[in-house]
Amino acid sequence: MKLTDISTIKTLFEKHGFSFTKSLGQNFLINPTVCPKIAEMGGAAKGVGAIEIGTGIGVLTRELASRCDKVVAIEIDTGLKPILDETLEEFDNVEVIFADVMETDLTKLIEEKFGGMDVIVCANLPYYITSPVIMKLLEEKLPIKAITVMVQLEAADRICAAVGSRECGAITASINYYAKPKKLFRVNRGSFMPSPNVDSAVISLERYETPPYKVDDEELFFEVIRQAFSQRRKQLANPVSAYFRLPKALLTEGMEKRGISPTARAEELTMDKLVSLYETVKELRR
Ligand code: SAM
């Protein structure tokens, strides 16, 4: 069964009365070279278990199932069930859970479904929740070996930008706290059905075994990042002092003490400096 073949897809849709739900980010892969590459680069292999987020009609699911010992896929749209029953019929190592990934307890899922196997995440992510899904995968400190996901090109560029560069945003810094992001390859818009208005890219997130930054209140750290980047081209002392109700003079004094210019903008700060900014805020809030 060739699920990248447009006539096969149309036949499946007609047979099972399926139509796309745009708001769920349903752009299905029709370029046959992409799924093997995601699976290969994502570490899909014997002895490995894979989690997929968003099956669509199962094109990547089948690729993962043919390489891995087990695949657990989470799909929100129950309208895809009859199609997946057909497209995944030949695999006895796949389980599709119909649920919202954001509401899914992944720690429990990994424990229950993969019992000790090395686990990877491979997905062509629904674009409307790219950042929340990635942050969920990282924040919950799941025992995952590798995360390899397709996102919109603009998001890939933002996520993979250097912290401390003009392209860096709050999401760049937040992800870099947990992992080293890397852009693997670009996928053009014509590789999807329906074709979106933008190109995509596959990225990998290599989680640090031990976090390289010492932060004992992660919630506060991420709030400091969010506030600092809320006006990222402007001086960060303004939004940060306002949000945390700190006198600006005290904040800038503390920043200077830690080697951060009082006129610094968030996009100029490296990870170490962002951690120093967090320490300044933490100390002043005591
Ligand atoms: N993997 C398929 C492919 O590459 O052709 C489909 C990818 S499509 C970009 C994203 C998929 O995620 C859709 O099937 C959509 O229904 C599903 N989805 C959207 N929101 C979701 C959510 N919150 N939880 C789980 N799946 C979701």
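The values are calculated or read from the model by the stated rules, or taken from the named source; none is laboratory data. Note that the structure is predicted; figures quoted are calculated from it, not measured. Please note: Cβ atoms are built from the backbone with ideal geometry, for glycine as well, and neighbour counts cover all protein chains shown. Protein only, heavy atoms only, side chains kept; ligands, DNA and RNA dropped before computing areas. Shrake-Rupley method; radii C 1.70, N 1.55, O 1.52, S 1.80 Å.
For beta carbons closer than 7 Å, sequence separation of 6+ or different chains, a first residue in the stretch 19-30 that is more than 6 Å from the ligand (Cβ to nearest atom) and a second that is modelled with pLDDT of 95 or more and aliphatic (A, V, I, L, M), the qualifying pairs are I30/I6; I30/M193. Among the conditions (1) within 9 Å of the ligand (Cβ to nearest atom); (2) in a helix (DSSP H, G or I); (3) under 18 Å from the mean Cα position of the chain (by Cα), the only one that M41 does not satisfy is (1).
Scanning the stretch 217-238 for residues that are part of a loop (DSSP other than H, G, I, E, B) and at pLDDT below 95 gives R232, R233, K234.
The set of residues from the stretch 73-109 being in a helix (DSSP H, G or I), within 16 Å of the ligand (Cβ to nearest atom) and either open to solvent by less than 70 Å² (accessible area, probe 1.4 Å) or not assigned by TED's automatic domain parsing to the domain that holds V59 (or both) comprises G79, L80, P82, I83, L84, E86, T87, V101, M102, L106, L109.
Of all residues in the stretch 192-231, those satisfying the criterion of being of a type in the set (S, T, N, Q) and over 17 Å from A156 (Cα atoms) are S195, T210, Q227, S230, Q231.
Of all residues in the stretch 174-203, which are without any contact (Cβ under 8 Å) to a residue 60 or more places away in the chain, part of a strand (DSSP E or B) and in contact with an Asp or Glu (Cβ under 9 Å, 6 or more places away or on another chain)? Passing the criteria: A179, K180, P181, K182, K183, R186, A201.
For every residue, the table says whether it meets (1) in the same structural domain as L251 (by TED's automatic domain parsing); (2) of a type in the set (V, I, T).
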residue: L125; (1), (2): no, no
residue: L137; (1), (2): no, no
residue: I147; (1), (2): no, yes
residue: Y178; (1), (2): no, no
residue: P181; (1), (2): no, no
residue: R189; (1), (2): no, no
residue: D199; (1), (2): no, no
residue: Q231; (1), (2): yes, no
residue: L236; (1), (2): yes, no
